[in-house]
Amino acid sequence: MKHILIASLLAVASPAFGQGMPAPEGAEVYFIGLEDGATVSSPLTVRFGLSGMGVAPAGTDAEHTGHHHLLVDRAPLGEGPDGEEELLYPLPADDNHRHFGAGQTEVTLDLQPGEHTLQLVLGDMNHVPHTPPVTSDRITVTVE
């Protein structure tokens with residue numbers, strides 16, 4: 001009986017988590033004024049660009065909108081230990097997964113000297129990557 005109840009609850013919850021909201025063809029997220037291989041100083045201001053969609057705070061149920069997430073020093077979205085599973089669930093919130101659920105379009109990061117990787121990911125109202133995922137290229141910057 002307990003297993004049936006859990007399965008029922010998961011079935012009800014799966015529309016919210018398990019697949020991101022649809023993204024229109026050609027939607028793009030990108031870094032503004034920051035190139036792969038750049039040498040930078042810390043603190044570093046990172047600006048987020050978006051085309052083909054709009055920015056809306058987390059929790060906003062509006063077609064073709066989302067909010068930014070910045071992946072720092074981790075495998076590209078969909079790769080690494082969690083692989084494709086992470087495309088189906090809300091992105092975690094930690095030092096490697098920065099959330100901008102209020103609709104922010106830039107951040108100032110304090111990064112230690114050395115190489116760092118950055119990737120932007122647009123999340124839907126529930127922090128789930130869109131379908132298909134709207135991601136930037138993963139870039140590497142060197143902090144002096």
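Values quoted throughout were computed directly from the atomic coordinates according to the rules given, and no laboratory measurement underlies them. Remember, it's a predicted structure, so these values are computed and weren't measured experimentally. Cβ atoms come from the backbone with ideal geometry, glycine included; neighbour counts cover every protein chain shown.
Residue-by-condition table, conditions (1) more than 14 Å from Glu28 (Cα to Cα); (2) surrounded by 15 or more Cβ atoms within 10 Å (Cβ to Cβ); (3) out of contact with any strand residue (DSSP E or B) (no Cβ under 8 Å at 6 or more places or on another chain); (4) aromatic (Phe, Trp, Tyr):
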site	(1), (2), (3), (4)
Val46	yes, yes, no, no
Thr65	no, yes, no, no
His69	no, yes, no, no
Pro90	yes, yes, no, no
Gln112	yes, no, no, no
Arg138	no, yes, no, no
Thr142	yes, no, no, no
Task: Matching residues, segment 120-138, being in contact with a His (Cβ under 9 Å, 6 or more places away or on another chain) and in a strand (DSSP E or B) - done: Leu120, Val121, Leu122, Gly123, Pro129
Open item on the list: Of the residues Gly37, Gly101, Gly52, only one is surrounded by fewer than 19 Cβ atoms within 10 Å (Cβ to Cβ) and more than 23 Å from Gln19 (Cβ to Cβ); which?
Closed with: Gly37
